[in-house]
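Below: one structure, written as C-alpha cells.
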Amino acid sequence: MATSPNVRSPLPALVWAAAATLYGVLFLGAESQRALGTLLAIAAAAVVLGARFGLVDRIRASIGGNERTFDIAAVAGVLAVAFWFHEEHFIILMMTTALLLMVVALGLTIQFGYAGVVNFAGAAFLGIGCYTAGVVTKYTSLPSFLSLPLGGLMAAIIGSILILPVLRTRGHYAALVTIAFGILFKVFLEVNDTLGGPQGIQVKPIVLFGWNFNSPIRIGDFTASFYFSYLLLALILLVLSFALVRRLERSWIGLSLDAIRLDEIASACYGLNLARWKVLAFTLGNFLAGTAGAAYGHVLGFIAPNNFTFGDSLILVSIILLGGLGNLWGVAVAAAFVVILPEKFQVIQEYRLVLYAVLVILILLFRPQGLLPRQLRDYVPGAKPQSTHSPAEERV
Amino acid sequence: MEIALQYLINGLMLGVMYGLVAVGFTLFFGVLDVIKFSHGDVLTVGVFTGFATYLALKAAQVSSPLVQLIVLSIVAMAAMAALGALIARYLVLPLSGAPALNTLLITLMLGTVLREGVRLGFPDGSNPKPFPALLPTTAYTFGHFTLRLDSLMLLAAGLAMIVAVHLLINKTKLGLAIRAVAQDGETARTMGINFTAVVLITFAIGSGVAAFAGVMNGLYYNEINFSMGLLLGVFGFSAAVVGGLGNIYGAILGGFLFAGLQTIGAVALPFASAYKDVFALAVIIAIMAWRPTGLIAEKSSERV
C-alpha cells in the first residue's frame, strides 16, 4: 500500500467493470453445477492472484480517481447483464432481489458502519415496507407507486419507537432491543388477522401512469420479462440510495457519524450531539430498508411472515460484514454473492444460513475488517496524499 | 381462584426456567464482560442431545423412566458443559481484545450455526418433536384445580438447581475463584488464580445449567423444536438485564419478575394468549427504554 500507484488512468476500473459484467453473464447463464464451480474457482484464483500482484490496489486507485466513470460503467454493466437475460424471468428476478437487498444493506451500512448503531432487525424493517405495500394495495385506493415512499416512511416511524431504547442503551443492550423487535415483528404478523396471519398477504403490482409493472415489456421485436420493469425500478432506487449514502459519508455528517462510532465520549466533548446523529442514522437506514421493502413486496407479489425471520436479519448483517463494514462497493458485491450463490447452487439453499454464519465467524476470527475493508477517508478524490497509513492501522 | 393457581404454577415454572438461563448470562458477563448470544441455542442443542440420548436408551431396551431421565439429563448437561467451554476457548477468549461488537456478532452467528445445525442435522429437525413425559403424571384434583405431580417435581428440581448454583458460587473454593475473576481479572491472576481455567469452568457451568433448563422445558411442555432456544435466550437475557448483569440473585429475581409480567399480561390482556409473546417482547423493549441497565442498576462509571 505504501507505494500506491499514482496512475489515475480509468483503464483498470473500466477493465474491471467489463470483466465483472462478463463474469455476471457467464455465472448467471451457467446451467451445470460443474460450470458454476469452475467459475467460482476462477473468481477465487483471480482475487488471490490480483491481491498478490497488486492488481486490486491498482483497480481501487483507479476507481477512486475516476469515480463518475466507474459509477456509469457499473450501471451500464448491470443493464448489459439485464438485457442479455431480458427474457429469463428467474434471472431477472434474482438480479432485482440482489439490487433491492443492496439498498437495504446500504441502510444498514449507515447504521452499523458509520454511526455504530446496531440493528439486528433489518428483515423486520424490510418487512414493514413489504406489508405497507400489501396494505396500500389491498385496503386503500391510493396509487400503488405511493407504497414506495410510504413503506420507507412507515419503517422510519415504527423504527422511531425503538429510538429511545436504542439511544439509551449501548452494545449488547441495544442489540437485545433490536433482536426483541425483530422477533416481535414476526410473531405479531403471525397472529394478526388483518395482515393475513401466517398465510401472508397479496401485494398487487405497481401501476404507474397506466403502465402495469407486471406486464412484459414489448417494444418492436424486443420482449422483456415481466420482472424487467421492477429491475429498472430497483436499479433506480439503488442508484439514488448509493448517491445519497456516498454523499452522506463524504459530508461533515458522515464525519460526525464516524467520530461518534469511534469514540462517543470524545465526540460528545467536542460538542457533537450524539442523540441527533444516532437518530438520523437509525431513521435514515430504516427508511432505505422500508423503501426497498415496499418494492420487494411488489416484486414478490405475495408475502408471508416467514420471509422476515431473525435469520433473514442475520443474513443482512452478514452482507455488510462480508463486504467490509462501511465499504459501499464491497457491500454491493457481497449482496450479489449472498443472493445469487444459493439460487445457483440449489444444494446450498437449505444450508445458506449456516454457510454465511460460518463465513462471518471465520472472517471475524481471521480478518475482522472484512474482505474489502473500508479505505481511509479520501477528502479530495483523485489527489493522492502522502499518507503511508495502512487501512488496518487507522480506519476512519 | 383455580385459574389463578394454575397461572401461578405456570408462572413459577417459567420463572425458574428464565432464571436458570439468566444465571448463565450473568455468570459469563461476570467473568469476561461479554454477552454470549448463543446461550439460548446451546440450550436447544442440550435438549436435543437429551432427546437423542432418550431415543438411544429406548433402542437399547432401557425402559425405566427414572434411569432414562437421569442418564438423559446427565448426558445433556455434560455435553453442553463441554460445548460451553469449547465456545469460550475458541470463539470468545480469542476475541477478548477486539471490539465488543465482534464478540456480539460471533456469538450471534454461532447461535445461528447451532440452531440451523439442529434443524438440518436432526432427522426431520424442522418440525417440533414430542418430548417424552418421564416424570409421574399423577394428578391431584382440588375442586377445578388440578395439580400435576410432574409440575411440582420440576419446580422442586429447578429450585434445587438454583440453590446448588448459589452454594457453588458462595461456599466453594471454585466459587471464590469465579467471584475473584468477576471482580477483577488482573488482580485474580496475580493472586495465583488460573484465569483461563476459571473462565472455561464458568462457561461450562452456565451452559450445563442452560441444558438443565432446556430439559425442564421439554419435560414441562412435552414438545421441543429447533427455535425454542432463541426465544428462551432473549427472555433469559432480558431477565438477567432486568436483574442487573453480573448479579446472580438479580438474574433469578429477574427471571421470576419477567415470568410474572408475562403471566399477568396473558391473563389481563383482552386479546390474551395469541399476543402473549408480542406483549412479553414489547415489555422487554419498554424496560430497556426505561431502565437501560436493568432495574437493579449496574454500578459503574466510565473512565476515559
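Search segment A:19-53 for residues being closer than 15 Å to residue A:372 by Cβ and either in contact with a Lys or Arg (Cβ under 6 Å, 6 or more places away or on another chain) or in contact (Cβ under 8 Å) with a residue 12 or more places away in the chain (or both), and hand back the single one that is surrounded by the fewest Cβ atoms within 10 Å (Cβ to Cβ).
A:43
Please state which of the following conditions residue B:202 fails to meet, knowing it meets all the rest: (1) crowded, with 21+ Cβ neighbours inside 10 Å; (2) in contact with a Phe, Trp or Tyr (Cβ under 9 Å, 6 or more places away or on another chain); (3) assigned by TED's automatic domain parsing to the domain that holds residue B:284.
Condition (3) is where residue B:202 drops out.
Here are some residues: A:242, A:213, A:228. Which one is surrounded by 20 or more Cβ atoms within 10 Å (Cβ to Cβ), modelled with pLDDT under 75 and among the aromatic types (Phe, Trp, Tyr)?
A:213
Just to be sure I understand, how many residues within segment A:117-141 are assigned to a loop (DSSP other than H, G, I, E, B) and either closer than 18 Å to residue B:104 by Cβ or within 14 Å of chain B (Cβ to nearest Cβ) (or both)?
Selection size over segment A:117-141: 5.
Can you tell me which of (1) under 30 Å from residue A:176 (Cα atoms); (2) assigned by TED's automatic domain parsing to the domain that holds residue B:78 is the one residue B:235 doesn't meet?
Result: residue B:235 fails condition (2) only.
Do you know which residues across segment A:256-273 are in contact with a helix residue (DSSP H, G or I) (Cβ under 9 Å, 6 or more places away or on another chain), among the aliphatic types (A, V, I, L, M) and in contact (Cβ under 8 Å) with a residue 60 or more places away in the chain?
Correct list: A:257, A:260.
Out of the residues in segment A:252-308 meeting the condition of being over 20 Å from residue A:377 (Cβ atoms) and among the hydroxyl-bearing types (Ser, Thr, Tyr), tell me which one is surrounded by the fewest Cβ atoms within 10 Å (Cβ to Cβ).
Among those that are over 20 Å from residue A:377 (Cβ atoms) and among the hydroxyl-bearing types (Ser, Thr, Tyr), it is A:283.
Exactly one condition in (1) surrounded by 14 or more Cβ atoms within 10 Å (Cβ to Cβ); (2) small (Gly, Ala, Ser); (3) over 22 Å from the mean Cα position of the chain (by Cα) is false for residue A:73; which is it?
(3)
Being touching a residue at least 40 places away in the same chain (Cβ under 8 Å) and within 14 Å of chain A (Cβ to nearest Cβ) is the filter here; which residues of segment B:46-87 pass it?
Listed by number, the list holds a single entry, B:87.
Sort through A:90, A:70 and tell me the only one that's over 23 Å from residue A:341 (Cβ atoms), assigned to a helix (DSSP H, G or I) and either within 14 Å of another protein chain (Cβ to nearest Cβ) or not acidic (Asp, Glu) (or both).
Going through A:90, A:70 in turn, the sole match is A:70.
Of all residues being at pLDDT below 75 and within 14 Å of chain B (Cβ to nearest Cβ) in segment A:350-372, which is surrounded by the most Cβ atoms within 10 Å (Cβ to Cβ)? Just the residue, please.
For segment A:350-372, the residue satisfying everything is A:370.
Which one is surrounded by the fewest Cβ atoms within 10 Å (Cβ to Cβ), of the residues in segment A:157-173 that are within 8 Å of another protein chain (Cβ to nearest Cβ) and of a type in the set (A, V, I, L, M)?
Of everything passing the filter in segment A:157-173, A:161 is surrounded by the fewest Cβ atoms within 10 Å (Cβ to Cβ).
In segment A:1-31, how many residues are part of a loop (DSSP other than H, G, I, E, B) and modelled with pLDDT of 80 or more?
So the count comes out to 0.
Can you work out which of the residues in segment B:92-146 that are in a loop (DSSP other than H, G, I, E, B) and facing another protein chain (nearest Cβ under 9 Å) is surrounded by the most Cβ atoms within 10 Å (Cβ to Cβ)?
Filtering segment B:92-146 for residues that are in a loop (DSSP other than H, G, I, E, B) and facing another protein chain (nearest Cβ under 9 Å), the one surrounded by the most Cβ atoms within 10 Å (Cβ to Cβ) comes out as B:98.
When you scan segment B:220-256, how many residues do you find that are within 11 Å of chain A (Cβ to nearest Cβ), in a helix (DSSP H, G or I) and surrounded by fewer than 24 Cβ atoms within 10 Å (Cβ to Cβ)?
Final tally of qualifying residues: 2.
Output the number of the condition that residue A:318 fails; it satisfies all remaining conditions of (1) within 14 Å of chain B (Cβ to nearest Cβ); (2) surrounded by fewer than 23 Cβ atoms within 10 Å (Cβ to Cβ); (3) in contact (Cβ under 8 Å) with a residue 24 or more places away in the chain; (4) of a type outside the set (A, V, I, L, M, F, W, C).
Result: residue A:318 passes all but (2).
What do you reckon, is residue A:105 farther than 19 Å from residue A:278 by Cα, at pLDDT 90 or above and under 13 Å from the mean Cα position of the chain (by Cα)?
no
Select, from B:37, B:28, the only residue that is among the aromatic types (Phe, Trp, Tyr) and assigned to a loop (DSSP other than H, G, I, E, B).
Testing whether each residue is among the aromatic types (Phe, Trp, Tyr) and assigned to a loop (DSSP other than H, G, I, E, B) leaves just B:37.
When only residues in segment A:339-349 that are away from chain B (no Cβ under 14 Å) and part of a helix (DSSP H, G or I) count, which is surrounded by the fewest Cβ atoms within 10 Å (Cβ to Cβ)? Break it down stepwise before answering.
Step one: filter segment A:339-349 for residues away from chain B (no Cβ under 14 Å), giving A:339-341, A:343-346.
With part of a helix (DSSP H, G or I) added as a condition, the list becomes A:339-341, A:343-344, A:346.
Details: A:339: 21, A:340: 18, A:341: 17, A:343: 17, A:344: 20, A:346: 9.
So, considering only residues that are away from chain B (no Cβ under 14 Å) and part of a helix (DSSP H, G or I), the one surrounded by the fewest Cβ atoms within 10 Å (Cβ to Cβ) is A:346.
Can you confirm whether residue B:15 is under 16 Å from the mean Cα position of the chain (by Cα) and surrounded by 24 or more Cβ atoms within 10 Å (Cβ to Cβ)?
yes
Just the residues that are facing another protein chain (nearest Cβ under 7 Å) and surrounded by fewer than 23 Cβ atoms within 10 Å (Cβ to Cβ), please, taken from segment A:174-190.
Those that are facing another protein chain (nearest Cβ under 7 Å) and surrounded by fewer than 23 Cβ atoms within 10 Å (Cβ to Cβ): A:184, A:187, A:188.
The values are calculated or read from the model by the stated rules, or taken from the named source; none is laboratory data. What you see is a predicted model; the values in this text were computed from it and never measured. When we count neighbours, we look across all protein chains shown, and the Cβ atoms used for this are built from the backbone with ideal geometry, even at glycine.
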